[in-house]
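Asker: Handing you this structure, nothing more for now.
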Amino acid sequence: MAIKKQPTVLFFDSGMGGLSVYKEAKKLSPDCHYLYCFDNAGFPYSEKSEEEIIARTLNVCQSINEKFPLDAIVIACNTASTVVLPPLRERFSIPVVGTVPAIKPAAQRSQTKHIGLLATKGTVKREYVNDLIERFAPHCKVEKLGSTILVEIAEQKIQGQSVDLIALSNELKPWKNMADLDTICLGCTHFPLIKDEIQICLPQVRNFMDPGYAIAKRLKHLLEDAEINSEKRLPQVNQVFSTKELENPEKLKSALLLWGFKELNLLNE
Ligand code: DGL
């Protein structure tokens, strides 16, 4: 079934990681009007309290929705998705899609039944994630590694800096000697963007589970059934919002052009 009209969809993350999910959505639903907001004033979310993450996310989504009536919201951040989905769904009547670490497919795919969850420090300690592991991977040995440094490395890469492979390798040290760890859940949306570098540090890993495509499919399905309220406004450029002034906006602007975003603006300017 095709999506009716041209829905306005907001992608939200603390940083640029959500682009790994947006990329899949853009391929599957190319005609949507996409807005991407990254809360760089609150970045990183990894070690922030649940209350702060909820408050920040609700504020940003509310503020964007006032400017551009939204038809759907994608919380393209695992750390936020573990806590904000119920309050967001209470506040907004439009579809709200979250990201969940791909524990279930990882447990199915692993040959050795030894899998790893690579996520932020916040995500690995949430009850929600333990429940997923208990429900979908009771027959697997599951390692959990929470890292803020990896998030920062990925963010720097997208913003045009080189990847510090030594720092990356140090962060992944606990898993280096686990020869039968064959499957890793990329449980932070930043990590698909440094997958190749992670693979260099952990050559034994055969499968990297990235939920991007599944989220894009879910979004498409919800949009097919959704009431599309946003008016067709012209010009409808796909644009990015930051919550804090950037040090080097020109560099990011040219990177964002490659992702199909023509404008970079400050929210609430
Ligand atoms: N991209 C985010 C996630 O998926 C979080 C990064 C951060 O710590 O801010 O969890």
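Each reported figure results from applying straightforward, stated rules to the coordinates on display, with no laboratory input. Everything quoted here is computed from the prediction, not taken from an experiment. Positions of Cβ are backbone-derived with ideal geometry, glycine not excepted, and every protein chain shown enters the neighbour counts.
Asker: Please give me, ordered by residue number, the trypsin sites (Lys or Arg not before Pro) of segment 192-269 that lie in loop per DSSP and have at most 13 other Cβ atoms within 10 Å.
Answerer: Numbers: sites: LYS195, ARG206, LYS217, ARG218, LYS220, LYS232, ARG233, LYS244, LYS251, LYS253, LYS262; in loops: ARG206, LYS232, ARG233, LYS244, LYS262.
Sparse-neighbourhood loop trypsin sites (Lys or Arg not before Pro): LYS232, ARG233, LYS244, LYS262.
Asker: Stick to the Cα atoms of segment 99-150, pair each with every other, and give me the Kirkwood hydrodynamic radius in Å at one decimal. Working shown, then result.
Answerer: Values: mean 1/r = 0.0899 Å⁻¹.
Answer for segment 99-150: a Kirkwood hydrodynamic radius of 11.1 Å.
Asker: If I model segment 44-173 as equal point scatterers sitting on the Cα atoms and use the Debye formula, what is log10 I(q)/I(0) at q = 0.10, 0.12, 0.14 Å⁻¹?
Answerer: After summing over all Cα pairs, the log10 values are -0.40, -0.57, -0.75.
Asker: Just need the relative contact order of the chain here, percent rounded to a whole number, with Cα pairs under 8 Å and 6+ apart.
Answerer: On the way: 512 pairs, mean separation 73.1, N = 269.
Computed value for the chain: 27 percent relative contact order.
Asker: Please give the charge dipole size of segment 123-220, origin at the Cα centre, charges +1 on K and R Cβ atoms and -1 on D and E Cβ atoms. Round to the nearest 20 debye. Walk me through the numbers on the way to the answer.
Answerer: Values: 13 positive and 13 negative charges, 67 e Å.
The dipole magnitude comes to about 320 debye.
Asker: When N counts the residues of segment 147-269, how does its alpha-carbon radius of gyration compare numerically with 2.2 N^0.38 Å, as a ratio? All intermediate terms of the calculation are to be shown ahead of the outcome.
Answerer: Details: Rg = 18.3 Å, N = 123, 2.2 N^0.38 = 13.7 Å.
Compared with the compact-globule rule of thumb, segment 147-269 sits at 1.34.
Asker: Another one. Note down the Stokes-Einstein diffusion coefficient of segment 23-65 in µm²/s, whole number, using a Kirkwood radius over alpha carbon pairs, 20 °C, and 1.002 mPa s.
Answerer: D, rounded to a whole number, is 176 µm²/s.
Asker: What are the extents of the Cα atoms of the chain along their three principal axes, listed from largest to smallest and rounded to whole Å?
Answerer: That works out to 55, 39, 34 Å along the principal axes.
Asker: What size of dipole, in debye to the nearest 20, comes out for the chain about its Cα centre when the only charges are +1 on Lys and Arg C-beta atoms and -1 on Asp and Glu C-beta atoms?
Answerer: The dipole of the chain has a size of about 700 debye.
Asker: At 20 °C and a viscosity of 1.002 mPa s, what translational diffusion coefficient does Stokes-Einstein give for segment 25-114, taking Rh as the Kirkwood radius over Cα pairs? Give it in µm²/s as a whole number.
Answerer: Details: Rh = 14.8 Å.
Using the Kirkwood radius from Cα pairs, D works out to 145 µm²/s.
Asker: Still on this structure, I have one more. Dividing the Cα convex hull volume of segment 98-203 by residue count, how many Å³ per residue is that? All intermediate terms of the calculation are to be shown ahead of the outcome.
Answerer: Working: hull volume 9.9 nm³, N = 106.
So the per-residue hull volume is 93 Å³.
Asker: Could you pull out the pairs from LYS26/LYS67; LYS26/LYS217; LYS5/LYS26; LYS220/LYS244 whose alpha carbons sit more than 19 Å apart here?
Answerer: LYS26/LYS67; LYS220/LYS244
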